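Engineer: Have a look at this one.
The values are calculated or read from the model by the stated rules, or taken from the named source; none is laboratory data. Every value quoted in this text rests on a predicted model; they were computed, and no experiment measured them. Heads up, the Cβs are rebuilt from the backbone with ideal geometry, glycines too, and the neighbour counts pull from every protein chain shown. For accessibility, only protein heavy atoms count, side chains too; no ligands or nucleic acids. Shrake-Rupley method; radii C 1.70, N 1.55, O 1.52, S 1.80 Å.
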Amino acid sequence: MMIHTCVALRPCRPPLISSSKSTLQRPPNCKFSVRNCIRDPNNSQKAGAKLLFILFELVSAFSMRKFNHFDEFYLISVVRFVQLNVSWLHFTVVAFKNEMWFHLVLEVKEKLEKEHYDLPVGENGRDDEDMILWYLKDRRFSVEEAIAKLTKAIKWRQEFGVADLSEDTVKSIAKTGKAYVHDFLDVNDRPVLIVVASKHLPDVHDPRDNEKLCVFLIEKALSKLPAGQEQILGIVDLRGFGTKNADFSYLTFLFDVFYYYYPKRLGEVLFVEAPFVFQPIWQLTKPLLKSYAS
């Protein structure tokens, strides 16, 4: 996760926010599924051996000077053939990687079904292949670590009632304008989650309502992810921030949410006009950032 500060919340060149209409639309039936990525590993081995043989022949021809008056034509033909096979080899390497992912996802699914059969199934459940793959990537493809973190996330979603959150359930706290998802994507096609820190009043607002609004907006931002994008952008407007807005317990909740339940989903954070009073809070925040980055 990258963190930056900017002087003011204003249009940049290129603009910080771009219209979502300009983004590529997700084609129908394009949801990622590891089942669609199976390739025969023997084909990958054959392609690699074939390309290495071609390169060996080319190097040998150069070293032994076995060229005649057709040198130029022969060289161009071989180079073109190698280019085509390099693309093919790249494709087979990607296919082999996807096949490895497929087997790891199956392994996690089988263990979850055997050891955690009481967990819910379906979207964001123990058999959700996309979710399993995301946690495998987050845990650097360690099956045991991915299962531990994924199990905790699924149980939390069930206990917190994430599936029950809606515009109506957070309507009252959302009216404060303390946080919202921007209508447009940023220049990198990421959904934008904006937080107005001066409107966060921990002594006035119910902490549970703040947490529900936070999770609802994260879910809303993730639902706007275009094809090929996996992360969101966070903008924290600190103009007018004072001690009455400081809330370390809520800040801890935010880090737990993004580390345990939405890992690697927050790609970048921009702080706008951080005042001097924010500096002590920032010093307390740094240790939490290290745990999140891990």
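Engineer: List the trypsin sites (Lys or Arg not before Pro) within region 129-173 that fall in a DSSP loop (any state other than H, G, I, E or B) and whose Cβ has at most 10 other Cβ atoms within 10 Å.
Structural biologist: Values: sites: K137, R139, R140, K149, K152, K155, R157, K171; in loops: R139, R140.
Answer in residue order: R140.
Engineer: How high is the relative contact order of region 118-240, given as a whole-number percent (alpha carbon pairs under 8 Å, six or more residues apart)?
Structural biologist: On the way: 132 pairs, mean separation 27.2, N = 123.
Here the relative contact order equals 22 percent.
Engineer: In addition: Could you pull the accessible area for K178 with a 1.4 Å probe, rounded to 10 Å²?
Structural biologist: 10
Engineer: Of K152/K220; K109/K155; K149/K244; K155/K212, which pairs sit farther than 27 Å apart, going by alpha carbon to alpha carbon? Can you show the working numbers first?
Structural biologist: Values: K152/K220 21 Å; K109/K155 16 Å; K149/K244 35 Å; K155/K212 16 Å.
K149/K244, as the Cα separations exceed 27 Å there.
Engineer: Which GluC sites (Glu not before Pro) from region 116-174 combine a DSSP loop assignment with at most 13 other Cβ atoms within 10 Å? Spell out each step's value before the answer.
Structural biologist: Numbers: sites: E123, E129, E144, E145, E159, E167; in loops: E123, E167.
Hits after loop and neighbour filter: E123, E167.
Engineer: For region 158-197, give the percent of accessible area contributed by carbon and sulfur heavy atoms, probe 1.4 Å, rounded to a whole number.
Structural biologist: Details: 1020 of 2120 Å².
With neighbouring chains kept in place, the figure for region 158-197 is 48 percent.
Engineer: Another question, then. Need one value: the accessible area of F248 in square angstrom, 1.4 angstrom probe, rounded to the nearest 10.
Structural biologist: Here the accessible area works out near 100 Å².
Engineer: Quick one: order W282, W134 from most to least accessible surface, probe 1.4 Å.
Structural biologist: Working: W282 55, W134 35 Å².
Listed by decreasing accessible area, they come as W282, W134.
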